[in-house]
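Following: one structure in structure tokens, then a few remarks.
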Amino acid sequence: MTGSRDWIEKLGLLPHPEGGFYREVYRSTGSIPGHALPKRFGRQSRSFGTSIYFMLTDDGVSRFHRINQDEIWNHHHGAGLHIHVIEPGGSYTRHALGTGPGETPQLTVPAGCYFGAEVSGKGSFSLVGCTCCPGFSFDDLHMPSRDEMLGFFPHLSDVITRLTPDPEMST
């Protein structure tokens, strides 16, 4: 396989609401009852864990979003990714995920942080795996608008503008 389209076809990836392509490949059969989870989960039960394939191409981004659980990213194939993480207090870090110089093949994004990603090279793509414990539910996904993000973190306008949808384009 050589290109992103080959991988998308082979793995049966679908468009993800945050950008890129994905397919859930694991969801544990066991679950944690809602009353045993922190309130941020809305007292709904969650699987012990979930895992997806996730692909980004250089013509798109993973938009800034936040989830209720830690998310572990593992690089599988292709170019590296820049994962942009904003902690609740406004501290910003750009991480390099991949197998090249200065990159790490695994990264954990802590629960409650805003994060997004983009491929680090032109004309390329990145195939990664993302694992959540407790398991991910789309009820956990919060994708703020560009204006919301700029209101929270005005000092990060460059990266926020790159990793949030253009308000003029979303109608």
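Quick notes on this structure:
- All positions within segment 11-69 that are surrounded by 13 or more Cβ atoms within 10 Å (Cβ to Cβ), basic (Lys, Arg), under 29 Å from Met149 (Cα atoms) and over 14 Å from the mean Cα position of the chain (by Cα): Arg46
- Inside segment 26-53, residues that are part of a strand (DSSP E or B) and in contact with a Gly (Cβ under 8 Å, 6 or more places away or on another chain) make up a count of 9.
- Any chance Gly60 is in contact with a Ser or Thr (Cβ under 6 Å, 6 or more places away or on another chain), small (Gly, Ala, Ser) and in contact (Cβ under 8 Å) with a residue 40 or more places away in the chain: no
- Every residue from segment 2-44 that is touching a helix residue (DSSP H, G or I) at 6+ places or on another chain (Cβ under 6 Å) and modelled with pLDDT under 95: Arg43, Gln44
For (1) among the acidic types (Asp, Glu); (2) free of Cβ contacts under 8 Å to residues at least 24 places away in the same chain; (3) surrounded by 19 or more Cβ atoms within 10 Å (Cβ to Cβ), each residue gets a yes or a no:
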{"site": "Cys132", "(1), (2), (3)": "no, no, yes"}
{"site": "Asp139", "(1), (2), (3)": "yes, no, no"}
{"site": "His142", "(1), (2), (3)": "no, no, no"}
{"site": "Glu148", "(1), (2), (3)": "yes, yes, no"}
{"site": "Phe152", "(1), (2), (3)": "no, no, no"}
{"site": "His155", "(1), (2), (3)": "no, no, no"}
{"site": "Leu163", "(1), (2), (3)": "no, no, yes"}
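- Residue list for segment 66-81, filter: assigned to a strand (DSSP E or B) and without any contact (Cβ under 8 Å) to a residue 60 or more places away in the chain: Trp73, Asn74, His75, His76, Leu81
The values are calculated or read from the model by the stated rules, or taken from the named source; none is laboratory data. Being a predicted model, the structure only gives us computed values, none of them experimental. Here Cβ is always computed from backbone atoms with ideal geometry, including for glycine, and neighbour counts include all displayed protein chains.
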